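Here's the structure, in structure tokens; my notes come after.
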């Protein structure tokens, strides 16, 4: 995420990473969840029974109510596999960079090792205690990172305040905005011109990533 967001503004990052995916998920859950509720309210208990038996199969039970259920179920399975593969690949890539001392291009063999290790641990947990054991392990392992995320949020707020202060100090060096624009680097000027603004940043740096 940090790689593909490099060079983008905070507004662009929030729009592309949070608002658009959340909007897609909103319509997804509204359509499928609303349909499932509507079917259940008519007195059909098939979805309720499927959920009680194994809620992982509820989506496939819902797709059986629509035409071409075989094709849509296969398509949903492919999407689920793609989601797991990309998630595992991203996680192994981050772990690989951390264990390689922050190298942005770590060895691929090491990356494969971490991907296989993640899959092996998940498989052992599923075989030992089922989905509940895997979920419990994910919550326990992820809880310490909640504290780290709070510290990261605090650091981000401080960095944004500092950036605003640097902009203010930079503008005070010149008698007008035109003079400030003239004295900043062409790369920074082009970056801000693409956003429709000429706000300068201290040190002739590009907009905040």
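Coordinate-derived values only; no laboratory data. Everything quoted here is computed from the prediction, not taken from an experiment. Cβ atoms come from the backbone with ideal geometry, glycine included; neighbour counts cover every protein chain shown.
Taking packing as the residue-averaged number of other Cβ atoms within 10 angstrom, the listed peptides 151-160, 95-104 run from highest to lowest as 95-104, 151-160. What does the C-alpha gyration tensor say about the overall shape of segment 70-144? Classify as rounded when a/c is under 1.5, otherwise prolate if a/b is larger than b/c, or oblate. Because a/c hits 1.5 or more and a/b fails to exceed b/c, segment 70-144 counts as oblate.
Distances between every pair of Cα atoms in segment 1-66, grouped in 5 Å steps from 0 to the bin holding the largest one, split as 3, 15, 19, 15, 10, 9, 9, 9, 8, 3, 1 percent. Once each part is reduced to its C-alpha centroid, what is the distance from segment 104-134 to segment 60-90 in angstrom? Centre-to-centre distance over Cα atoms comes out at 22 Å.
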